[in-house]
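Bear in mind these aren't lab numbers, they're just calculated from the coordinates by the rules spelled out. Bear in mind that the values here come from a model prediction, so they are computed numbers and not experimental data. Every residue, glycine as well, gets a Cβ built from its backbone with ideal geometry; the counts of neighbours run over all protein chains shown.
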Amino acid sequence: MPRMQIEIRDARAADLDAVLALNEAVVPAVNSVPMAQMEKFLREADYFRVALAGGDLAGYLIGLTPDADYHSPNFLWFRRRYDAFGYVDRVAVAAFARRLGVGTALYRDFERHFRGRAPRLACEVNLEPPNEPSMRFHERFGFVKVGEQPVDGKVVAMLVKEL
């Protein structure tokens, strides 16, 4: 079977219903958010891009910088420790697009976006409940664990990739 072409582009207002539906479909791997927060991300996030496969929404990634008006405990953990970083707030890949390279394509694009602008990328991955596929993905991509944090009844691994 030929590999599907993956297109990555900036998110648009018309994408938000599909992005929110995808976000909610992958909870608890990401936290649930209301549409108002997605709209704020669209206006204010340093990085908000979608991946399309066969013309359909295959995934998205939202990234922030330390100056973002954002108060998630995980984001604030990184902000207390690092002056400059590109933070992966949330990323999701649609079920139909898993194993097509969508996550890798989004992360490569995210890294290109921040290379030369920030010395590192930062994110967290659930340890409890465990998200082993995500941890393996991030380790393969060069992220290393720099801490742990309990938050909202979960425990997350705090990960950094130096650029």
Taking the Cα-to-Cβ direction at LEU76 and at ASP56 and moving 7 Å from each Cα, how far apart do the two end points lie in nm?
3.9
If a/c stays under 1.5 just call it rounded; otherwise compare a/b with b/c (prolate if a/b is bigger, oblate if not). Do that for region 79-163, with a ≥ b ≥ c from the square roots of the Cα gyration tensor eigenvalues.
oblate
For SER134, SER32, what ranking results if the residue with the fewest other Cβ atoms within 10 Å of its Cβ goes first?
SER32, SER134
What's the extension gain from ARG136 to GLU44 if we count 0.36 nm per residue and subtract their Cα-Cα distance?
30.1 nm
If you place +1 on the Cβ of every Lys and Arg, -1 on the Cβ of every Asp and Glu, and leave all else neutral, what size is the dipole of region 6-162 about its Cα centre, to the nearest 20 Debye?
480
Can you sort ILE62, ILE8 from fewest to most other Cβ atoms within 10 Å of each residue's own Cβ?
ILE8, ILE62
Can you tell me the relative contact order of the chain? Whole percent, Cα pairs under 8 Å, sequence separation 6 or more.
19
Per the helix-only model, the chain has a calculated mean residue ellipticity at 222 nm (DSSP H runs of ≥4, -39500 (n - 2.57) each, divided over all residues, rounded to the nearest 500) of -9000 deg cm²/dmol
What range in the chain is the longest one free of trypsin sites (Lys or Arg not before Pro) that are in a loop by DSSP and have at most 16 other Cβ atoms within 10 angstrom?
13-97
Where a ≥ b ≥ c are root eigenvalues of the Cα gyration tensor, a/c under 1.5 meaning rounded, otherwise prolate if a/b exceeds b/c and oblate otherwise, region 6-162 counts as rounded
Alpha-carbon centroid distance for the pair region 79-148 / region 1-63, whole angstrom:
15
Spin-label pair ARG99/ALA18, simplified geometry with 7 Å Cα→Cβ offset, distance in nm:
2.3
